[in-house]
1. How are the Cα pair distances of the protein assembly as shown distributed, in percent, across 10 Å bins from 0?
2. According to the square roots a ≥ b ≥ c of the eigenvalues of the Cα gyration tensor, what is the shape class of chain A, taking rounded for a/c under 1.5, prolate for a/b larger than b/c otherwise, and oblate for the remainder?
3. Can you give the longest run of chain B that contains no trypsin sites (Lys or Arg not before Pro) sitting in a DSSP loop with at most 11 other Cβ atoms inside 10 Å?
4. Counting other C-beta atoms within 10 Å, and keeping those with at most 14, which DSSP coil chymotrypsin sites (Phe, Trp or Tyr not before Pro) do you find in the range A:142-248?
5. Relative to the longest principal Cα axis of chain B, at what angle does helix B:240-280 sit, 0 to 90 degrees, rounded to 10?
6. As a test of the formula, what do you get for the protein assembly as shown when each DSSP H run with n ≥ 4 contributes -39,500 (n - 2.57) and the sum is divided by the residue count, at 222 nm and rounded to the nearest 500 deg cm²/dmol?
7. Reported to two decimal places, what Rg/Rh ratio describes the range B:1-49 when computed on Cα atoms with Rh from the Kirkwood expression?
8. Name all residues of the range B:63-103 having a backbone nitrogen under 11 Å from the label point set 7 Å from the Cα of A:Leu223 along its Cα→Cβ direction, giving them as ranges.
Amino acid sequence: MKVSLKRDVWLYLFLLPGLSFFLLFKYAPLYGEILAFKDFRIVDGIWNSPWAGFKHFDRLFHDEEFWTILRNTLLLNLYNIVFVFPAPIVLALLLNELRLAWYKRLVQNLLYLPNFISWVVLGGIVVTVLSPSTGVVNHILARVFGIDPVYFMVSTFWWPIVFTLSSIWQTAGWGTILYSAAMAGIDPGLYEAARIDGAGKARQIWHITLPGIRGTIAILLILQMGRMMDVGFEQVYNMQNAAVYSVSDVISTYVYRIGLQGAQYSFATAVGLFQGVIGLILVLTVNQIIKKMGEDGLW
Amino acid sequence: MVKRSLAAANALLLAVFAFITLFPFLNVLAYSFSSSRAIAAGEVFVWPVEFNVAAFGKLIDDGQLFVAMKNTVIITVVGTLLQMAATTLAAYALSKKRLKGRKAFLGMILFTMLFGGGLIPLFLLLRNLQILDSFWAIWLPSLVSAYNLFVMKSFFETLPAELEESATIDGAGDPVIFWNIVVPLSKSILAAISLFYAVGMWNVYSQAVYFLNDSELMPLLVRLYQMIQQTSETLLDSSEASLIQPESIKAAAIVIAIAPILCVYPFLQKYFVKGVLLGSVKG
């Protein structure tokens, strides 16, 4: 041990900043989780605040607002898996059939772009183009179909649809990269053999391309399901408004509102802990499923 | 013949998708340069109508957006440097199989990807450290991305061991090997990861909302959010007059906020793709 420490002293020094970061900003906050079982008082600090048992969890499970928020979180994630997840697969299949290299690169570069733009900007753009009085979408609807302005962003019917479509807008292009790479790895001889056997494009895609990317689809799908409890704060926060709280409020925005804005630290910690534990269980379960399917696990 | 037209239809379909993806950006760009009258009349689609730069003039006069942009530049430059230094050094150390405790360190870092302490404990920690309301509250809690660390570590592991062995025989220590051999061989991955970090810092938003109160420290996107909210307060009532002018100002603010990304994007795009593919090889 002594020898290796002396030999590798530089390596340990290299490791020091990164490791301190994980200890201080990832592990130390875990200690703060005990707040979920206490009544936090600022003057007493975390340790000296009185114990509260499961009081906050009891309140959580009897809170109607919380069930709405949990439902929204799960529903938006469900839409995500059903509608957003397949989009890059379809796009990658189409891109894979393009023969002109420069054209393919051009289309890819345009499709990747929204991935690099923050939700503040994307949300601002969505609100602008969908505005009932000045938005271009309503102008087109009025002009082409003679429809009265639709209040997309303040309608509890339209909001989840807009949210889901905007997710496709941001992620579908960038999501094709891994699928395209998997498709590039498929043996061209398979396609040739299929052509000789008289298989058309559709059958080639069904029998060769899709099976060729099955592993990638499986892993990404299961990773996605592991995030069922999590809807990103930024996307919701930048698209929601008071009129659609009932369908748009999710755990991350709820924790921010009651925790940081409302200073109910203990209760908000309990909500966060609940989310974290369910998330952990989901990821562990999912990893087992990946392994059972004969694919490499995540670790 | 059928095959030909199928290929053409496919190319056309993708052109349509690309256009739909791009259209909202073009529309907002056109709004920012159009007259209030043309916007209200619904004449603006992808090209400015009655071209003018009044909205940009207003924003430049106001000046707040540029204070915010200065903050974002500082956050991005310093933040990316700190992140790269911490990530690269740790990844190099962890790529050495001879390092005692390596497995434990890796397991410890992996766990942080699966379970986090949540927002409130982190907030209280930052308050105890007295770094709320400073850029440190942005930089420190996101110093190392475990994912980027693993990508970089796997890349370092693929470098040929012989190069380092011969350097060791020549008496070079780890700092020399790292700086003179590993860094020059890893330019592409270092470029890719720096870009991911830089984009993350440029787009920093939620951490600023959580941890910064001082309006002097607001990054660009928080300021932009405030401007968008101010103008969309009026979203619920459809009285035209109050909406017209704010729309083009809002559009101009959005254009200013994304212009830097759009300018560098075409040149750096290939590094991003490389970064994703390196990461997928298995972290």
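Read-outs: derived from the displayed coordinates by stated rules, not from any lab. A quick note: this is a predicted structure, and the numbers were derived from the prediction, not measured. All Cβ positions, glycine included, derive from the backbone under ideal geometry; neighbour counts span all protein chains shown.
1. Result returned by the calculation: 3, 14, 24, 26, 19, 10, 3, 0, 0.
2. Oblate, since a/c reaches 1.5 and b/c is not below a/b.
3. That gives B:99-281 as the longest site-free run.
4. Within the range A:142-248, the qualifying chymotrypsin sites (Phe, Trp or Tyr not before Pro) (loop, at most 14 other Cβ atoms within 10 Å) are A:Phe157.
5. Long axis of B:240-280 versus the principal axis of chain B: about 30 degrees.
6. That comes out to -21000 deg cm²/dmol.
7. Reported Rg/Rh, Kirkwood definition of Rh: 1.28.
8. Output list for this probe position: empty.
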